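To keep things clear, I will list the structure first and then write my remarks on it.
The values are calculated or read from the model by the stated rules, or taken from the named source; none is laboratory data. Since this is a predicted model, take the numbers as computed values, not measurements. With ideal geometry, Cβ positions are generated from the backbone for all residues, glycine too; neighbour counts draw on all protein chains shown. Side chains are part of the model used for accessible areas, which takes the heavy atoms of the whole protein and leaves out ligands, DNA and RNA. Shrake-Rupley method; radii C 1.70, N 1.55, O 1.52, S 1.80 Å.
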Amino acid sequence: TGLGMRPEWGAVNGPHAVSEQRLFEQAVQRLPEQAVVVTDANFGVFSAAFAATRQNHPVVARMTAALAKSLLKGPLLDGIDKRIDWKPTKADCKTNPALPLEACVSGRLIVSHVQPNDGGASFLLCLFTTLEEDVEEILKIYGLRWNVETDLGSLKGTLRLDPLTCKTPEMLDNEIQIAMLSYNLVRAVIYQAAQQAGAAPRTFSFTRVNRILKFYGAKIEAATTVEETERLIALMNHYIGQAKLYPRKKKRPA
């Protein structure tokens, strides 16, 4: 659907500073049941994988080459698909004192030689997963993570959430909440249009649909008769149905 979940947020500096990984541990508790957690290397750490699996969420996490080598206890080679029991290091336990002594995440460490779609240099991609699907399916699932980057672009750019403008924690919370409500309203409309067209929601332009909603929303609100309201809604839905993404001239990064 492309719908977004309310984010966790906190202080970057000061006595109440909180890390991104700790915010992740809070957010993962609100995920839908059996949602697959897909992370980049910044969250490809033991504490994140453990927090997700403890909530019964499958994981597809990118690892740094250094961490993958450490877990494999050997060189990284294309085609590796090895079962491992991932246990926290002393450093993990030091930064996460709440980790149980017996903490462990069982899964597979996959190493695959990939070629970025943007023509960049090929590299070895290291993924840890608790899923049982074949390697090609795991790579496909990880590829969906790019949707997060485009969605953040919609939130920060189209909905102007970057930079945040409020000065108090209470108003900041309101600003984030309203932005997420606005974002999900557009996504919900896109999902309905996609269902009617028999298309994937991601084939519609968030920016174009947002503009159409803004334009017709004001006109519908000002309508004085039921007939005029219905006519405007029909026009709005017509243009939303045509708000497909234009073909890409450049391929997106892998």
>> Take ASP78 and tell me if it is more than 24 Å from ASP151 (Cβ to Cβ) and touching a strand residue (DSSP E or B) at 6+ places or on another chain (Cβ under 6 Å).
In response: yes
>> Whether any residue in the stretch 110-120 is open to solvent by 30 Å² or more (accessible area, probe 1.4 Å), at pLDDT below 95, under 20 Å from ALA27 (Cα atoms) and not polar (S, T, N, Q) is what I want to check.
In response: no
> If you go through the stretch 155-190, how many residues are exposed (fewer than 15 other Cβ atoms within 10 Å of the Cβ) and of a type in the set (Ser, Thr, Tyr)?
Replying inline: 2
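Which residue is surrounded by the fewest Cβ atoms within 10 Å (Cβ to Cβ), if the candidates are limited to the stretch 39-75 and must be more than 26 Å from VAL148 (Cβ to Cβ) and of a type outside the set (Gly, Ala, Ser)?
Of the stretch 39-75, the ones more than 26 Å from VAL148 (Cβ to Cβ) are 69-70, 72-75.
Those still in the list that are of a type outside the set (Gly, Ala, Ser) too: 69, 72-73, 75.
Details: LYS69: 15, LEU72: 16, LYS73: 7, PRO75: 9.
Selected residue: LYS73.
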>> Return the residues of the stretch 125-170 that are β-branched (Val, Ile, Thr), under 30 Å from SER106 (Cα atoms) and over 19 Å from the mean Cα position of the chain (by Cα); say none if nothing qualifies.
In response: VAL135
> If only one of LEU131, LEU124 is at pLDDT 95 or above and over 18 Å from ARG54 (Cα atoms), which one is it?
Replying inline: LEU124
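So that you can scan it fast, the table gives a plain yes or no per residue for (1) at pLDDT below 95; (2) open to solvent by less than 40 Å² (accessible area, probe 1.4 Å); (3) under 24 Å from LEU155 (Cα atoms); (4) outside any helix (DSSP H, G or I):
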position	(1), (2), (3), (4)
GLN195	yes, no, yes, no
ALA199	yes, yes, yes, yes
ASN210	no, yes, yes, no
GLU228	no, no, no, no
TYR239	no, no, yes, no
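Taking the stretch 119-148 on its own, how many of its residues are assigned to a loop (DSSP other than H, G, I, E, B) and among the acidic types (Asp, Glu)? Reasoning before the result, please.
Step one: list which residues in the stretch 119-148 are assigned to a loop (DSSP other than H, G, I, E, B), which gives 119-122, 130-134, 144-145.
Retained after the next criterion (residues that are among the acidic types (Asp, Glu)): 132-134.
Result for the stretch 119-148: 3.
Can you name the residue in the stretch 67-118 that is among the hydroxyl-bearing types (Ser, Thr, Tyr) and assigned to a helix (DSSP H, G or I) and, of all such residues, is farthest from the chain's Cα centre (by Cα)? First the steps, then the outcome.
Residues of the stretch 67-118 that are among the hydroxyl-bearing types (Ser, Thr, Tyr), as a first pass: 70, 89, 95, 106, 112.
Going one step further and asking which of them are assigned to a helix (DSSP H, G or I), we end up with 70, 95.
Numbers: SER70: 27, THR95: 25 Å.
Out of the qualifying residues, it is SER70.
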